[in-house]
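Just below is one structure, and these are the notes that go with it.
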Amino acid sequence: MTVLTVVLCALFVALGRWQWHRGNTREASWEQFARGAGQALPLGSASLTGVPLFQRVSLRGRFDEAHQFLLDNRSYEGRPGYEVLTPLTRAGGGTALIDRGWVPFSGLRERLPGVAIKSNDELTV
């Protein structure tokens with residue numbers, strides 16, 4: 001019984017240390033996210049590849065409505081729908097895929113929701 005108690009104590013101490021390290025890792029990830037989510041970094045014509053992880057950015061360009069699509073099987077507050085994904089052609093060149101939000105399922109796959117872009121003006125997102 002003594003050996004079992006010692007083994008269980010060692011196991012619980014090891015599990016406690018594992019949980020402690022896991023919590024520290026999660027906290028470090030949250031701090032990294034909070035640093036990047038604070039203020040949007042205007043990119044201009046800079047490349048998206050050099051942006052740090054979780055950094056909010058602002059881009060200027062025009063939406064390419066001809067190549068937008070609906071990502072199916074998305075739910076919001078328990079309701080079925082679509083995510084609207086639209087390419088943004090940047091003024092300095094290059095394209096970024098923008099999630100324009102969620103729209104509800106219309107009830108029929110043949111009748112998709114209207115997600116047309118009203119204006120083709122250059123905008124900042």
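General observations
- Verdict on Arg60 being closer than 25 Å to Ala37 by Cα and of a type in the set (D, E, K, R): yes
Residue-wise test of (1) over 18 Å from the mean Cα position of the chain (by Cα); (2) modelled with pLDDT of 85 or more.
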{"residue": "Gln19", "(1), (2)": "yes, yes"}
{"residue": "Arg22", "(1), (2)": "yes, yes"}
{"residue": "Gly38", "(1), (2)": "no, no"}
{"residue": "Pro52", "(1), (2)": "no, no"}
{"residue": "Phe69", "(1), (2)": "no, yes"}
{"residue": "Thr95", "(1), (2)": "no, yes"}
{"residue": "Trp102", "(1), (2)": "no, yes"}
{"residue": "Arg111", "(1), (2)": "yes, no"}
{"residue": "Ala116", "(1), (2)": "yes, no"}
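- Flag for Arg74 being within 30 Å of Glu31 (Cβ to Cβ), touching a residue at least 12 places away in the same chain (Cβ under 8 Å) and out of contact with any Lys or Arg (no Cβ under 7 Å at 6 or more places or on another chain): yes
- As for the range 25-42, it holds no residue that is under 28 Å from Asp121 (Cα atoms), out of contact with any Phe, Trp or Tyr (no Cβ under 9 Å at 6 or more places or on another chain), among the hydrophobic types (A, V, I, L, M, F, W, C) and touching a residue at least 24 places away in the same chain (Cβ under 8 Å).
The values are calculated or read from the model by the stated rules, or taken from the named source; none is laboratory data. The structure displayed is predicted, hence computed values, not measured ones. Cβ sites come from the backbone with ideal geometry, for glycine too, and all protein chains shown count toward neighbours.
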